[in-house]
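**Student:** The structure that follows is given in the form of structure tokens.
The values are calculated or read from the model by the stated rules, or taken from the named source; none is laboratory data. Just so it is clear, the structure is predicted and the values come from calculations on it, not from any experiment. For neighbour counting, all protein chains shown are included, and Cβ atoms are generated from backbone atoms with ideal geometry for every residue, glycine included. The protein model used for the area step is the full one, side chains on, heavy atoms only, and it has no ligands, DNA or RNA in it. Shrake-Rupley method; radii C 1.70, N 1.55, O 1.52, S 1.80 Å.
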Amino acid sequence: MSLFDTVRNTIVPVHKEGYPFVAAFFVASLVLGWIFKPLFWIGMILTLWCAYFFRDPERLTPQDDDLVISPADGKVSAIQMVTPPAELNLGSEPMLRISVFMNVFNCHVNRAPMRGRIASINYRSGSFVNAELDKASEDNERNGLVIETAHGQIGVVQIAGLVARRILCWANPNEPVDAGERFGLIRFGSRLDVFLPAGAAPRVSLGQTAIAGETVIAEFASAKGPIISRRS
């Protein structure tokens, strides 16, 4: 392997949504450095943080229709039975909800937890309380996807946080989606809720660190043979 390949494989790419922000931080660093030189280095540290925030690494996703994969990097903040948001039209019966909270140092690219077809996408305006609080699921601005899977409909909800002011979703209704496929991004600091029908059993614990596109957070059937992974 050449030195170029080594460097290329080491550096994590920045998602295109982050380019304007990284550029703005860099220009601000130049301006601040012209006013007072030490401010340039402070600005460059913030520029590097911005690039780190918008990183978009490849992930190896288990390809098994019985597995539910984490849609976000972060901490598992809730595992409970709750009624799904009304706009998802998933009924009034409680469903298993697994929540993953993303802080400002986590990768914020969101990935589909299961393979299927996107049945609907529903946006709801709201407030911007701390996304780690349980009431954020009801009160905060959010964007919900319903995915038709081999085990029925599941809900995936992007929830804005205390400093998050922008939810991005690139998916469209009636499109097929693979487990681990990128479908959106939230900036800066937020949460993802996954609502699962009967038959799903949690495979994570509260406080556990989850990796989007890789960590199995729930399972619909007992473990089988070797799992095939897909790089994305």
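**Student:** Looking only at the stretch 96-122, count how many residues are in a strand (DSSP E or B), surrounded by fewer than 23 Cβ atoms within 10 Å (Cβ to Cβ) and basic (K, R).
**Tutor:** Residues meeting the conditions: 2.
**Student:** Which residues, counting only those in the stretch 17-40, are aromatic (F, W, Y), over 22 Å from R187 (Cβ atoms) and open to solvent by 80 Å² or more (accessible area, probe 1.4 Å)?
**Tutor:** Taking the stretch 17-40 first, the residues aromatic (F, W, Y) are 19, 21, 25-26, 34, 36, 40.
Remaining after also requiring over 22 Å from R187 (Cβ atoms): 34, 36, 40.
Within the stretch 17-40, W34, F36 qualify.
**Student:** Let me ask something else. Name the residues in the stretch 44-83 that are charged (D, E, K, R) and either touching a residue at least 60 places away in the same chain (Cβ under 8 Å) or buried (at least 20 other Cβ atoms within 10 Å of the Cβ) (or both), would you? Please lay out each step first, then the result.
**Tutor:** Within the stretch 44-83, the subset charged (D, E, K, R) is 55-56, 58-59, 64-66, 73, 75.
Listed by number, the residues that qualify are D56, E58, R59, D64, D65, D66, D73, K75.
**Student:** Also: With respect to A221, is the statement that it is part of a loop (DSSP other than H, G, I, E, B), under 17 Å from M114 (Cβ atoms), open to solvent by less than 50 Å² (accessible area, probe 1.4 Å) and modelled with pLDDT under 85 true?
**Tutor:** On the way: part of a loop (DSSP other than H, G, I, E, B): yes; under 17 Å from M114 (Cβ atoms): yes; open to solvent by less than 50 Å² (accessible area, probe 1.4 Å): yes; modelled with pLDDT under 85: yes.
Here the answer is yes, as A221 does meet what is asked.
**Student:** Okay, moving on. Report the residue count in the stretch 182-210 for those that are assigned to a strand (DSSP E or B) and either of a type in the set (D, E, K, R) or more than 26 Å from P94 (Cβ to Cβ) (or both).
**Tutor:** Step one: list which residues in the stretch 182-210 are assigned to a strand (DSSP E or B), which gives 182-187, 190-196, 201-202, 209-210.
Applying the additional criterion that residues be either of a type in the set (D, E, K, R) or more than 26 Å from P94 (Cβ to Cβ) (or both) yields 182, 185, 187, 191, 193, 209.
Count: 6.
**Student:** Let me ask another. Between L185, L192, which is within 21 Å of N103 (Cβ to Cβ), open to solvent by less than 70 Å² (accessible area, probe 1.4 Å), at pLDDT 90 or above and not charged (D, E, K, R)?
**Tutor:** On the way: L185 fails: at pLDDT 90 or above.
Sole residue among the options that is within 21 Å of N103 (Cβ to Cβ), open to solvent by less than 70 Å² (accessible area, probe 1.4 Å), at pLDDT 90 or above and not charged (D, E, K, R): L192.
**Student:** Given the structure, is F4 part of a helix (DSSP H, G or I), at pLDDT below 70, over 26 Å from N122 (Cβ atoms) and open to solvent by 50 Å² or more (accessible area, probe 1.4 Å)? Spell out how you get there, then give the answer.
**Tutor:** Numbers: part of a helix (DSSP H, G or I): yes; at pLDDT below 70: yes; over 26 Å from N122 (Cβ atoms): yes; open to solvent by 50 Å² or more (accessible area, probe 1.4 Å): yes.
Here the answer is yes, as F4 does meet what is asked.
**Student:** Determine if the stretch 152-161 includes at least one residue that is modelled with pLDDT of 80 or more and surrounded by fewer than 17 Cβ atoms within 10 Å (Cβ to Cβ).
**Tutor:** Keep residues of the stretch 152-161 that are modelled with pLDDT of 80 or more, which gives 152-160.
Those still in the list that are surrounded by fewer than 17 Cβ atoms within 10 Å (Cβ to Cβ) too: 152.
Yes, there is a match, as at least one residue in the stretch 152-161 is modelled with pLDDT of 80 or more and surrounded by fewer than 17 Cβ atoms within 10 Å (Cβ to Cβ).
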